[in-house]
Every structure is written in structure tokens, then in C-alpha cells.
There are 2 protein chains.
Amino acid sequence: MAGTTTHPASRTRSWWGWGWADAHPDDAECTAMGALLPGTLARPLPVPRVRDLRIDGPAVQPPPSLAHLVTADPDDRAAHAMGKAYRDIARALRGRPGRIPDLVARPGDDREVADLLDWAGERQVAVVPYGGGSSVTGGVEYRGDAHRAVLSLDLTAMSRVLEVDTVGRAARVQAGTLGPSLEDQLRPHGLTLRHFPQSFEFSTLGGWLATRAGGHYATGRTHIDDFVQSLRVVTPAGTSASWRLPASGAGPSPDRLFLGSEGALGVITEAWVRLQRRPGHKASAALAFTDFDDALRAVRDLAQSDLAPANCRLLDAGEAALSGAAQDGSAVLVLGFESADAPVTDRLEQAVDLARVHGGRRGGSGAASSAAGGGAEAGRADAAVTAWRSAFLRMPYLRDGLARMGAVAETFETAATWDRIPALIAAVRTEVGAAALEATGHPATVNCRLTHVYPDGAAPYFTVLAAGRPGDEVAVWDDLKAVASEVLHRHRATITHHHAVGRDHRPDYDRQRPDPFALALRAAKGALDPRGILNPGVLVD
Amino acid sequence: MAGTTTHPASRTRSWWGWGWADAHPDDAECTAMGALLPGTLARPLPVPRVRDLRIDGPAVQPPPSLAHLVTADPDDRAAHAMGKAYRDIARALRGRPGRIPDLVARPGDDREVADLLDWAGERQVAVVPYGGGSSVTGGVEYRGDAHRAVLSLDLTAMSRVLEVDTVGRAARVQAGTLGPSLEDQLRPHGLTLRHFPQSFEFSTLGGWLATRAGGHYATGRTHIDDFVQSLRVVTPAGTSASWRLPASGAGPSPDRLFLGSEGALGVITEAWVRLQRRPGHKASAALAFTDFDDALRAVRDLAQSDLAPANCRLLDAGEAALSGAAQDGSAVLVLGFESADAPVTDRLEQAVDLARVHGGRRGGSGAASSAAGGGAEAGRADAAVTAWRSAFLRMPYLRDGLARMGAVAETFETAATWDRIPALIAAVRTEVGAAALEATGHPATVNCRLTHVYPDGAAPYFTVLAAGRPGDEVAVWDDLKAVASEVLHRHRATITHHHAVGRDHRPDYDRQRPDPFALALRAAKGALDPRGILNPGVLVD
């Protein structure tokens, strides 16, 4: 299959699963994982192959003037058929992927994007913008049959940092730039976007912007929204280019309409983004809590303090055990501080003291801090921190291994104000657990961690590991998703904190969104995409 | 005239000028101020009286069911005819105010707002939402003749804090709540919104939200946008109520569409807003700089550090002299730090050290800091800080005194990235100064301060003091405004950082706004306000 322009040529992306094909657990590892979960298969489902799919020829052909941008290669088309949600993996494993796009296009500039949209509009071809393909909400596939054909619009040929302003610390970046490539291009300037979602390696700036991605940091500047100075967006009604500004009070923000628009209002092709100096000072620590509610109170106090930890991740006992951060039934709080200016050990110690007031116990060998610009490694952080970090990056690969064992491995996230957090987490555990038992006949694991904290609330992230019903995994997932969404809705917790709406969350998004805003959004869509070709089914009809 | 429900009954608002009628400079003070500026009148224009205006009876009458909410009292109508821009003051002084609204309504709840909108829609009555009436951009008047009558919708009867969440530090507040009343209602809970625009005493939460107000603080949390958990907005197409959330990634933000909508998309009636503990630790200092460009570099370094000063206002030499902060031709940097958690003297000293690297000289007696919860006054800050603060609050009254002397006293603000700031400020000084000389035959004063700083840019605020041409002050203002706007546009600096667009900035807003966004906004307006009754002429046609 075709790689992207910025990933190493020596490695191959998996067409059906997360990340690199060579990083997937092998059959033996899958079997070992499956043995930990009751009700899974005895041996792994085979790795699915594109040649086993029935892929018809494309229903349309591009005009000669655009043909050099477009491919109908079956491997390429299959790799663009879906994102990387559990639901997508399960469908691929059972040989029933989503609709394969007719064509994949890789434009190199705005003009080519506009030409492709013009052509697609004339021919009633649906256009699905595609960055790194890491959507976990059905955001990059086509469902339905109202269009003559489907074009996957892959932006990864637009992958350059075009300008860097070292005075005001900002860069003009093409939307198809993948995370590692972006940081590689900024590093010589001593700058970083410092936006590290879990999908970092396989997602693009444009995808982050279109889905309002949340980065890896727990507090402060972590949402991509806050890094935007200006956007360029190619729409069927023309190109929108906002001014590059540190702030403006001139009417509703144009950028905020396109942030989160998930390809339904236009194709984001470029942004000026705010950068930071690379932090040289780091310190981290882990604290264990016997009582999860005590830990919640500690985290809330931290979030409401001036301390601003870069990491403030609370793992419940199950999550801590799964990641190797603690094996004794404790919840674990992973704390990290970073600065480009000055040592952060004082702030870490203040945070640890604050957590101790609520019963937190320091877990390991203490924090490490490196001097600014000294290049020394931050290393020697608590063992729990290290264990958790490594599990964090490996997690999506393990999920795919479990899927091969017929398990249902779902993650979902939300956000709510502090007053609702304890009851919300308890209800998810109880009700999703019960639903899994009912659907599969086996008890499920329902773990929770807080990925982001705010003075006024937090973002709980849930991992559900359940047995499947052989051949029926997608139906089990749909059941669990429905129950989870219902619990979130009842607690007025958002259907997504940073995973976007896509197609999987669409019914729940419609319930969360105020009706008059839906009217406004539909009208905006009608004005910008009058033929309804852009990512049909996402956000508005 | 009718007062608001929350201001003290013993004081009367000026119908034509800023704030309290009894706080205006008297004739002798006006004459003394006028003597400082060449080309002004020998004696002040008289204070204008409503009884000298010709005010026709209202062109429509409200239905009996709404009559109790509505008044046709001439004093009340005159007080709602305009905001408080220099242009408004000058028109009032010359007996030519903007169009007097036919009626003033004071609804008490959402139902009454909706009923008034329904009635207005049926009768083709323009509805101009009105909070504290402090608009300086022509945001609360009606211009044109496409409507049968004009209703000023005064929200100040909706002035209560309805709920306080002390756990998550947030409050549900009615939009018509004026600044002092809001803080009075939050004080018993130990909480504060900590949003203090210069208009604080005479502006409302709803006005701040509708105009994307910037608070008084120079860095960090100062824009009202960032304090919003959720909004209730009554539109002709129904009421939009977003969920109360700390964060969400579900589609484009509904709140961000209404923030900055300036009454053109709906009437904001209520918001859940994020609160903070009242800061007990404060420290401030002032530094003098011989060279303004050195001071700019110091401010940029501060903005790009972790220090996060609450105040970081740079006054140029003219501004420093005018406010009494320095009289020796120095530029002055006013620095302030605040925290509810811990003493801030260390941070202040670090900031002072950083400013000294760029040539800053400590100005006065040193900083003061009070202990948390100790209730001690922060007092004893540098004399320059005190002088500047007092001038800041008195400024609008002095402007009106100068207007009575026939002077043109205009302020305007913008924001731009750091790379453009020096050239932008120089160009405004030169070109607006030249335009004033040409328009009036007298040299003008053009001063600049930075009100807000960001890692990637700053918000310069300009004060222009010029002679007028007797009877022709508005024409002079229009000339100066056109030149200033042209300079901002040429430097790609925003037409407004926090003063909103209103009617005065509309042509320049149209040039700044991307065309496809204008299409989307017009479509949204059509969907929410199909009869076009809401604040006509603002943002979209």
C-alpha cells in the first residue's frame, strides 16, 4: 500500500489496524492476552488481507487534468475505507469493512484541493477529508448511498512547515503534516507545538484542528483550539483565510466555526499555530491513593491551584494495574511538571504536598529534573510514571491484539463539571459493566482515568474490555456504546471531550447540541457546501 | 430618567455622557482641560438636556399583554438612543443624537424576552439589545429606516446570580447583571468572576459576552470568552441552551457562535461562568524606560515567560505623562501580580529583573504584598501604579469634559503579532497625527499603551486628543477614524481587540472577515432571525 510522504519508507502502515504493521502483537502475544479475559477465542482471528476483500472498480474517473493526483489502487483505497475505532478493526477482522472509497486523491496545494472539490461537486462525488486516518468515531468513512461515488481526500502530501516566526513563536503549517514531521521541522528553531495526542504519530495538524483535538497535557495549553492564530480553509464556496492575530474581538471567531467542523464545512489546508520553546526542565512523581474519591478531591484541588501541572492523570485501580503503575488496588496519580524557563521541582513538591493532604502516598524513587538547555535526560522518574507512559503508547496495538481474540475493547471519553464526576464515573462502571455481562455472558473490565483536569471539571476516559460474541462483536460494541452514551447524556456529560463526533457519536451529538445552533450550523453548511459533498453524514444533514 | 434596578437610587446616570451625572467635570474643570489643548473652545458647550430634543411619540404601541414591560418615557428613550463613544457624546452635545428608540422594554425572564421578540417580528420592529449602554462602537443604536419602529431591549431587570457551584467554582448569572452587582453577589461565596473591563461599573455580563470583552488583566484569563461554561440565548427561532461543561470536542462550539454576535443572532439571557477565588496576594511595581522599543522587547520577554503577570501595561511617554506615571519622557511599564494561593513577590522580582535586562529602571518605593486571607490592603504600590490606576477609571469622564470643549478625544484599540507591533505603532502615530493636523489645523496628541500582551503579540490601545472644528466634531472624528482604520488594515491588525464591531467598525470588519465566513454567518443569521429584527446593521445585513 502507499505510505505517506513523511513516514519512513522502510515501515508499512497497517491497512486495518493501528499504526505500523510490524508493531502489532504476534499470534502468541494475542493468545496470551486473550487468556487474561474470560470468554475470548482460543486462537486469534487471522490478520485480514486486502486481497480477500471484494473491491469493485471505481464508479467515476477523474478528469485528465486531475488524474495525476488520484489513484484507484485497491490497497490504497482499502487503507482509506475507515478510521481506527474498535468498531473499524472488528469490521475489518470479519471481512466487512466500511464502504471502500472509489478513489484516493493527494492534492499538493490549495488550488488542487479546490479543483478536486469543483469536480466532485459537479459529479455528485462525496469527499471525505483524510489526514492520518486515526479517527476513532467513524469520521473518515462514507455511509449511505446518496452520492455517485466517494473520494478520500488525503492531505498528507501537504506536509510542510512553510514559515517560522521566531520572534512571535509561530509557524505556518500545511494541514497534512503528521505529528513527528511537524516536530522534526520545528526542532531546528528550538520550538515545539507541544501538542501530543495519543495518536500523535499517525495524525495530522489538519485532523487535530478539524476534530478539536486534546493534547497529552492535563492542564493549561493542551487543546489545539488554543494554538490557532489563523486558518486557511478551502470550501466549495471559496477559500476562507482568517488574519493571523494574537486575539481579536471582531464578531464571532471565524476560526472557531471551522475548528470541530470535521470536514463538513470545508477542507482545512493550512494554519498559523502558536509555538513554545522546548521545555528543558521536567519533574514527575506518582502518588498512590487507597480511596478513589480522595484522589478525585486531590486532583480537583490541584486543578484549582496555580500550580498548572503538565500531567495530572489519575488512574483508577484497574487502570493502574493494567498499565503496571500499581498492583495493590491503589489508584495512582501521575504528576508531571515542565518549563522552558526554570526548574519545576518546587512546584512538583508543592503538588505532592497538596496530594498528601488527601491521603496520597509518594510512590517511588522521587522526581528528576534536568537543567534548562543542559540536554540532560529527565529520566529516573517514578517507576509508575514510566510504566504508565509506555503502556499509553502501546495501548492501541494491544487493543487490536485483543480484537483478534474476539474481545470487545472500547475506549470512550467525556467531560463534566466536578459536581457530576463521582456519580458519573460510578454510573458508567455499573451500567456499562452490567450491559457487557448481559450482552456476552461474561464480566467485563471497566476502567477509568482522568486525562485532563480543569478548575471546573475533568475529562474521564473509560476503557472497557469485554468478551465478544463470535462474529457478533460489532453488535456487542453497538450495545455497549448505546448504554455508555445514555449514561453520559443523563449526567449531562459531553459525548466527546476530544475524540470528535464522527458518525458513531452523531445521534448523541444531536441530543447535546442546542436546536437553534443546529439550525445555524445547517444554514452555514448550506452556504459553504451547497451540493452537500463534504463528509456527508457528519455533524449535519 | 429611569435608573437600573441595581445601581444606587441616589445617583443618576448621565443620559448623554459616561457614567454618573454627578461625576462629570464641572465647567471650570472643563475649561482648565481645554486650555491644555490648542484650538479648543473658550468655554464649554452646555450639558445637553433631553427636553431640548424633539422626541416624537412612539410609532407603535405594545400589546396589552406586554405593556407592563415597556415604557415610552422620553427620558428613558433618550438614554437608550446611543452608546458612549466619543462620536455619541459629540452628537448629543450638538443636539443631534442618534435615532431615539420608540420604546424601551425591560423583560424579567426568558419568556418575556421571547414574547417581545415574537411581537417585534410580527410588527417589523427592530430590537436593539441593551445592557449597560457602554458601547463605544455604535452597538446599541439604530441606523436606517427599514423597520417600522425601534425597541431598545434593556436587560438590566435580569440582574441576579441564580446559582453558585462552590465545588466547581461557577455561577449561573442573568445577562443583565452589572459588574458591581455581580461581584457583590459573588463576594459572600469568596468567589469572583475577576473580569474588570474599564466599563465594569456600567456594563453587564450579557454585554461582555455579546462583544467578547477583554478584562483588565494583561495576560492569562482575561477574555470573557474563556469564562463561559454555557449560554442561554433567546432567538426568534427558539431558545439555545448549551450544556454546562468544562470542555467539549463535539462539533464547532455553539457558545463561540454567540460570543461576539453583538445581539444580531439572539439575545443572551443567561450564562454559567467560571469563577476564581479572590486573590489575597498582590504585588506591583513600575519600571521606567528611556527607549520605547527596549520596553517593547521587555514586555515581549515577559509575555513569553512563565511568569503570567496580572498587569503588564506599557505606557508610552505621552500616556505616562498624561496619567501622571512619569513626567520625564520615559515610557512606563506597570507590572502587577496576583494569586489566591501564595505570595507573588518572587514572581514580581523575577519580572523586574527581566525588565532590567532591557533597560528598565525601578520607579518607586517597591512592591507590596498582602497575606492570603489576611484582609490587609495591598497598598503602597509604586506611585506610578497608583497614578495610572486612578487616571484609568477617571478617563472616560475627562474625555466627556474635553468633548464639551469642542475637542476630539478618541480611543481605539487593536491587536497584532509581535513582528508587526513596532511599525504599526509608528504608523498610527505618524498618519493619525498628520490627519488630525490637516483636519483641524492644530497638532494632535497620539498616545499609545499596550493593554494586553500575549506570547505571540500584543494589544496596543491609542488615545488621540485633537482640536475639533466647531460644530464639525463628528466629521473630524470620522476622518481620523478612517485614517486609523486604514493603517490597522494595512498592517493586518484587527479592527477591534475587545471593543466590538458595532456600526462604527462595520466597514473594516467586512474587510477583515473572510468571505466564506461572511456567507456562513449570513446564513446563520437568516436561520435564527429570519425577519431581520435583531440589532439590524450589526455584523451582517
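The values are calculated or read from the model by the stated rules, or taken from the named source; none is laboratory data. Note that the coordinates shown come from a computational prediction; the quantities given were computed from them, not determined experimentally. Neighbour counts run over all protein chains shown; Cβ positions are idealised from the backbone, glycine included.
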Is at least one residue of the stretch A:478-499 of a type in the set (Lys, Arg), within 14 Å of another protein chain (Cβ to nearest Cβ), over 23 Å from residue A:296 (Cβ atoms) and within 24 Å of the chain's Cα centre (by Cα)? no
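Please pick out the residue among B:317, B:331 that is surrounded by fewer than 24 Cβ atoms within 10 Å (Cβ to Cβ), over 25 Å from residue A:166 (Cα atoms) and touching a residue at least 24 places away in the same chain (Cβ under 8 Å).
Only one candidate qualifies: B:317.
Taking the stretch B:113-131 only, how many residues are crowded, with 21+ Cβ neighbours inside 10 Å and not small (Gly, Ala, Ser)?
8
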Is it the case, given these coordinates, that residue A:11 is assigned to a loop (DSSP other than H, G, I, E, B) and either over 22 Å from residue A:199 (Cβ atoms) or at pLDDT below 95 (or both)? yes
The lone condition residue B:235 fails out of (1) closer than 30 Å to residue B:387 by Cβ; (2) of a type outside the set (Asp, Glu); (3) at the interface with chain A (Cβ under 7 Å from one of its Cβ atoms) is (1)
Does residue B:171 fit the bill of being assigned by TED's automatic domain parsing to the domain that holds residue B:109 and within 30 Å of residue A:419 (Cα to Cα)? yes
Considering only the stretch A:121-176, give the strands (runs of 3 or more DSSP E) lying wholly within it that have at least 1 residues that are among the acidic types (Asp, Glu). A:149-154, A:161-165
Within the stretch B:423-473, tally of residues that are within 23 Å of the chain's Cα centre (by Cα), away from chain A (no Cβ under 14 Å) and closer than 25 Å to residue B:492 by Cα: 13
Those residues that are surrounded by fewer than 21 Cβ atoms within 10 Å (Cβ to Cβ) and touching a residue at least 12 places away in the same chain (Cβ under 8 Å), I need them from the stretch B:334-346; list them, please. B:339, B:340, B:341, B:342, B:343, B:345
Hey, residue B:227 among the aromatic types (Phe, Trp, Tyr), facing chain A (nearest Cβ under 9 Å) and under 30 Å from residue A:538 (Cα atoms) or not: no
Lone unmet requirement of (1) buried (at least 24 other Cβ atoms within 10 Å of the Cβ); (2) more than 9 Å from every other protein chain (Cβ to nearest Cβ); (3) of a type outside the set (Lys, Arg); (4) in contact with a Phe, Trp or Tyr (Cβ under 8 Å, 6 or more places away or on another chain) for residue A:246: (2)
Residues in the stretch B:454-473 that are more than 25 Å from residue A:274 (Cβ to Cβ), in contact (Cβ under 8 Å) with a residue 12 or more places away in the chain and in a loop (DSSP other than H, G, I, E, B) total 5
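Yes/no per residue for (1) touching a residue at least 12 places away in the same chain (Cβ under 8 Å); (2) within 14 Å of chain B (Cβ to nearest Cβ); (3) within 25 Å of residue A:18 (Cα to Cα):
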residue	(1), (2), (3)
A:92	yes, no, yes
A:98	yes, no, yes
A:122	no, no, no
A:145	no, no, no
A:149	yes, no, no
A:154	yes, no, yes
A:171	yes, yes, no
A:176	yes, no, yes
A:190	yes, yes, no
